[in-house]
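Visitor: Shown below is the structure under consideration.
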Amino acid sequence: MKKAALFAYNGEFMCFIHVLLNALDMHDRGYDVKIVIEGAATKLVPELAQESNPMFRLYEKARGLDLIDGACKACSNKMGVIEEVKAQGLRLLDEMSGHPSMARYIEEGFEIITF
């Protein structure tokens, strides 16, 4: 099985929608895919959770399929959204000085793709 970890750093909605679309497409094609929300993208979490957001349905679909592996703990804290991330039930990833480790995903056989 092909494995891909999509690291989303960019906090722009137009960029993040491509993360969601690609993750869902890869999942539909049989990939083991994980989304890691990093950097400025963490600030999108509270906005994505609002039903009025145009990306709400895609976000909820990705969450429902367990495609979102988690969000960076340090960046969520820095962006002031750590409580919202926790409220969404997203895992806080912090094994590398408060940040997710790409090496861990590589060791688990994932190809890293950054956005």
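For every residue, the table says whether it meets (1) in a helix (DSSP H, G or I); (2) among the acidic types (Asp, Glu); (3) touching a residue at least 40 places away in the same chain (Cβ under 8 Å).
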{"residue": "6", "(1), (2), (3)": "no, no, yes"}
{"residue": "25", "(1), (2), (3)": "yes, yes, no"}
{"residue": "45", "(1), (2), (3)": "yes, no, yes"}
{"residue": "50", "(1), (2), (3)": "no, no, no"}
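Visitor: For residues that are surrounded by fewer than 17 Cβ atoms within 10 Å (Cβ to Cβ) and modelled with pLDDT of 95 or more, scanning just region 1-10, find the one that is farthest from the chain's Cα centre (by Cα).
Guide: So the first thing to find is which residues in region 1-10 are surrounded by fewer than 17 Cβ atoms within 10 Å (Cβ to Cβ), and the list is 1-3.
Adding the requirement that they be modelled with pLDDT of 95 or more leaves 2-3.
Values: 2: 18, 3: 15 Å.
Here the residue is 2.
Visitor: Mind listing whichever residues of region 35-58 are acidic (Asp, Glu) and crowded, with 20+ Cβ neighbours inside 10 Å? Can you show your working first?
Guide: First pass over region 35-58, keeping only residues acidic (Asp, Glu): 38, 47, 51.
38, the sole residue that qualifies.
Visitor: Can you report the number of residues in region 17-34 which are buried (at least 24 other Cβ atoms within 10 Å of the Cβ) and within 17 Å of residue 75 (Cβ to Cβ)?
Guide: Taking region 17-34 and keeping what is buried (at least 24 other Cβ atoms within 10 Å of the Cβ), we get 19, 23, 33.
Among the residues that remain, those that are also within 17 Å of residue 75 (Cβ to Cβ) are: 19.
Residues meeting the conditions: 1.
Visitor: OK, next. Report, by residue number, each residue of region 1-41 that is among the acidic types (Asp, Glu) and over 13 Å from residue 111 (Cα atoms). Steps first, please.
Guide: Here is the first cut: in region 1-41, the ones among the acidic types (Asp, Glu) are 12, 25, 28, 32, 38.
Once the filter is applied, which keeps residues that are among the acidic types (Asp, Glu) and over 13 Å from residue 111 (Cα atoms), region 1-41 yields 12, 25, 28, 38.
Visitor: Taking helices (runs of 4 or more DSSP H) that fall entirely within region 59-114, which contain at least 1 residues that are free of Cβ contacts under 8 Å to residues at least 60 places away in the same chain and crowded, with 16+ Cβ neighbours inside 10 Å? Full working, then the answer.
Guide: Details: elements: 73-78, 82-87, 102-107.
The qualifying helices (runs of 4 or more DSSP H) are 73-78, 82-87.
The values are calculated or read from the model by the stated rules, or taken from the named source; none is laboratory data. Worth saying up front: this structure is predicted, and the values here are computed from it rather than measured. Note that each Cβ is placed from the backbone with ideal geometry, even for glycine, and that neighbours are counted across all protein chains shown.
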